[in-house]
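So the structure is just underneath, and the comments pick up after that.
All of the numbers you see were taken from the coordinates with simple rules; none came from a lab. Because the structure is a prediction, the values reported are computed rather than measured. Glycine gets a Cβ as well: all are built from the backbone with ideal geometry, and neighbour counts include every protein chain shown.
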Amino acid sequence: MVTDSSSPINGLPPSIAHKKLLISVKARRKLLLKGINSEWRLQWEKSPRHTKYDALRDSFPFSDHQEIANRLTRAQYSILTQTKSGHIPLNIRLAHMKKIASSQCEKCWTRDDNEIPETICHFLFE
């Protein structure tokens, strides 16, 4: 059967112009997903969480972060995430994981004999 998105009947060979054609796997999957997504959307709109989310959506605190993250490569985003979470291989983290004996900054310690921990803030700004 020919639909709006099909080729015009006069452009098809006569042997198949008036027959019902089989639907491809890809087209069938697309229709199935469209149905699943529309059913999910209806359920979501009835959910009490939807109204709570809708109120927060425009002012969600991670919107700016997401815009920045979308412009980064995977490696850059990985470094950003590690830095924000504190899980970056500096001495303070390595000592916490018991990979090294001391959390002190080796450059500052050898220069001043001070025991300053190598934190992210120290590493970047001091």
The size of the Cβ-based charge dipole (Lys, Arg +1; Asp, Glu -1) of segment 9-59 about the Cα centre, to the nearest 20 debye, is 280
Cross-link reach from LYS107 to lysines, straight Cα distance under 21 Å and at least 8 residues apart if same chain, gives LYS98, LYS99
Exposure proxy check on ILE116, ILE36: fewest-to-most Cβ neighbours within 10 Å is ILE36, ILE116
Expected unfolding gain across LEU12-ILE120 under the 0.36 nm per residue rule, minus the alpha-carbon gap, is 32.1 nm
So, with points 7 Å from each Cα along the Cβ direction, the ILE23-SER47 label distance in nm works out to 2.6
